[in-house]
Every structure is written in structure tokens, then in C-alpha cells.
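Quick notes on the structure that follows.
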Amino acid sequence: MKKFLALALLFTCVLANAQHRAYYPHGYYRPYHDRLHWVVPAVVGGVVVYEMTKPPVIVQQPVVVLPPLESPNCTPWREIQTPDGKVYRERTCTQ
């Protein structure tokens, strides 16, 4: 769709430049009036092409870097058996 729109606008600009020249009452031609008639279509076409071809703006969330976690110093597991038959496991950890 964008390409079709660009081509239609470009074709319109070409047709705008293909108009007849203005002759004035006594038959003489003043070409200095036609010097800059191509500027406006060229600028409009340039703006349209620029807007269609510029890369999109992508906004990304910043990456959060957390400091590494320290591994705790832990003692080995100990099993404790009570006289009633229950078994407990425990260990102590320090940071």
C-alpha cells in the first residue's frame, strides 16, 4: 500500500510539471515564472519517500544486571535420631 501511495504521489508530481506554459496577452512568453515550479513537488516527494523508508524506532527496556549471589558456607548435614524414633536433619549456614 505504501509503494502504491508513493507511486501515485510521484505520478501526480510528474503530471503537475507537464502542464502547458502560460502565454500572456500580447503573445510573448515569460519563462522566468516557470523556474521553480519543480521544487515543491520534489520536496513533497522527498519527504514522502523519506518517511516511508526511514527505519522504525524500537524502544527496548534496559537490562537489569544483579550482582552475583554469594553461596553460603554450610556445614554437612547431620542426622539426629530421638529416642521416640523420629529422625531430624540439620545443618548451619553462615554468610
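All of the numbers you see were taken from the coordinates with simple rules; none came from a lab. Being a predicted model, the structure only gives us computed values, none of them experimental. Please note: Cβ atoms are built from the backbone with ideal geometry, for glycine as well, and neighbour counts cover all protein chains shown.
Quick notes
- Sorted by Cβ density within 10 Å, fewest first, the residues MET52, MET1: MET1, MET52
- Straight-line cross-link partners of LYS54 among the lysines, defined as a Cα under 22 Å from its Cα and at least 8 positions apart when in the same chain: LYS2, LYS3.
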